[in-house]
1. Kindly check whether there is at least one residue in segment 68-91 that is exposed (fewer than 14 other Cβ atoms within 10 Å of the Cβ) and part of a helix (DSSP H, G or I).
2. Of all residues being among the hydrophobic types (A, V, I, L, M, F, W, C) and part of a helix (DSSP H, G or I) in segment 118-147, which is farthest from the chain's Cα centre (by Cα)? Just the residue, please.
3. Mind telling me which of the residues THR101, THR148 ends up being surrounded by fewer than 19 Cβ atoms within 10 Å (Cβ to Cβ) and in contact (Cβ under 8 Å) with a residue 60 or more places away in the chain?
4. Being buried (at least 17 other Cβ atoms within 10 Å of the Cβ) and in a loop (DSSP other than H, G, I, E, B) is the filter here, so list the residues in segment 196-215 that pass it.
5. Would you point out which residue out of SER252, SER241, SER236 is over 22 Å from VAL131 (Cβ atoms) and either of a type outside the set (Asp, Glu) or out of contact with any strand residue (DSSP E or B) (no Cβ under 7 Å at 6 or more places or on another chain) (or both)?
6. Criterion first (over 28 Å from ASN313 (Cα atoms), of a type in the set (Lys, Arg), modelled with pLDDT of 95 or more and surrounded by fewer than 21 Cβ atoms within 10 Å (Cβ to Cβ)) does ARG186 satisfy it?
7. Do we have any residue at all in segment 77-98 that's more than 15 Å from ASP125 (Cβ to Cβ), among the aromatic types (Phe, Trp, Tyr), in contact with a helix residue (DSSP H, G or I) (Cβ under 8 Å, 6 or more places away or on another chain) and at pLDDT 95 or above?
8. Are any residues in segment 7-37 exposed (fewer than 15 other Cβ atoms within 10 Å of the Cβ), in a helix (DSSP H, G or I) and of a type outside the set (A, V, I, L, M), and if so, which ones?
Amino acid sequence: MKASVFSGLYYRFIEIAVKLCRTGKKVEKFSNFVSALRGKLSSSRNHLYNEHLKRIFPEHNQPWRDNILQGYWRVHERNLFALFYLKNKIFKDIQENVTWTGREELDSAFDSGKGLLLLVPHFGDERSLHVILGMEGYPVDVITSNYTDMPKHARDCRLGIGKKWNNLHFPSENPRWMFRTLTEGRILHYASTAYGGPAGTWIENFGVKVLVPSAPWKLWKRSNCKVLLGSCRQTSEMGFSLQFSEITPGSSKEEFAQLIAVETEKLASIYPDQYEWKNLLIRHRETNTIKRIGKIPVNERELEKLAKYSDANPLRILSLTEILDSLR
């Protein structure tokens, strides 16, 4: 209850701060100030992130990792500020601070009329990606949490801007809407680094085994849609750098999912402060929890409740054989 009340107040605090700051430069400056405080108050989580970074980037020293984590918290916090910064804007208000890479690939894929599966990893500001596309007139359908565990105001803030520019869908909805979106020639914005569930695909990501969705492969096989990897990197003064690249699906769901993972790792290696390291921590923890309990829950929340702190140990790395053996 206390956490819920704090969450509601925190969203109102940020909303007021953005209104007072007004310009992108001032909003970002204030966001950076808040992120520095958030980072200092998250020592336990920072320890886990640091150990993952040490394992993934052994060539770098502790000052480098500290700098990456500072940048990570800046990105993490600014994503929340962007909810309010973009709230009453249209594209012409922000276009001077938005850059595009691979837009011709985006337009070519969309204009094909086959539908576009836009795979978006937890990198930069994935919410602002589909919002900006919506501002520019692209028809984008998005699957999102319904945030029922949050206070009404915070929930409305989370969902409001997406409702304004996109079509939002929730996990409780029949998944047939995804196939329908593609067959109607629309864009399906899909989180490629989400929880895979019992029907998911095991891959290696950042040196650990994780379970990711098989739905992208199934959707491509059924619809023959175009597939792009999309990302939205944060730039200075509340700017955004959108990037799109075509993906050629492999011959199997494992090859397809692994290819997306490799491309995600490339993004993270170039801009390590922009990657959502919390997502890797969660996916890795889930793998260790699955091994310990010997099953793959359908509901990710159930898996979260069954987790122990030791499951998040970055040094506890399982082989695929160990995981599969525990599920027999």
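The values are calculated or read from the model by the stated rules, or taken from the named source; none is laboratory data. All values derive from a computational prediction rather than experimental measurement. So basically every Cβ, Gly included, is an ideal-geometry build from the backbone, and we count neighbours across all protein chains shown.
1. Within segment 68-91 (the criterion being exposed (fewer than 14 other Cβ atoms within 10 Å of the Cβ) and part of a helix (DSSP H, G or I)), the answer is no, since none of the residues qualifies.
2. Filtering first and then ranking leaves MET135.
3. Checking each option against the conditions leaves just THR101.
4. GLY196, GLY197, GLY200, PHE206, PRO213, SER214
5. SER252
6. Criteria met by ARG186.
7. Within segment 77-98 (the criterion being more than 15 Å from ASP125 (Cβ to Cβ), among the aromatic types (Phe, Trp, Tyr), in contact with a helix residue (DSSP H, G or I) (Cβ under 8 Å, 6 or more places away or on another chain) and at pLDDT 95 or above), the answer is yes, since at least one residue qualifies.
8. Across segment 7-37, the qualifying residues are TYR10, ARG12, PHE13, LYS19, LYS25, LYS29, PHE33.
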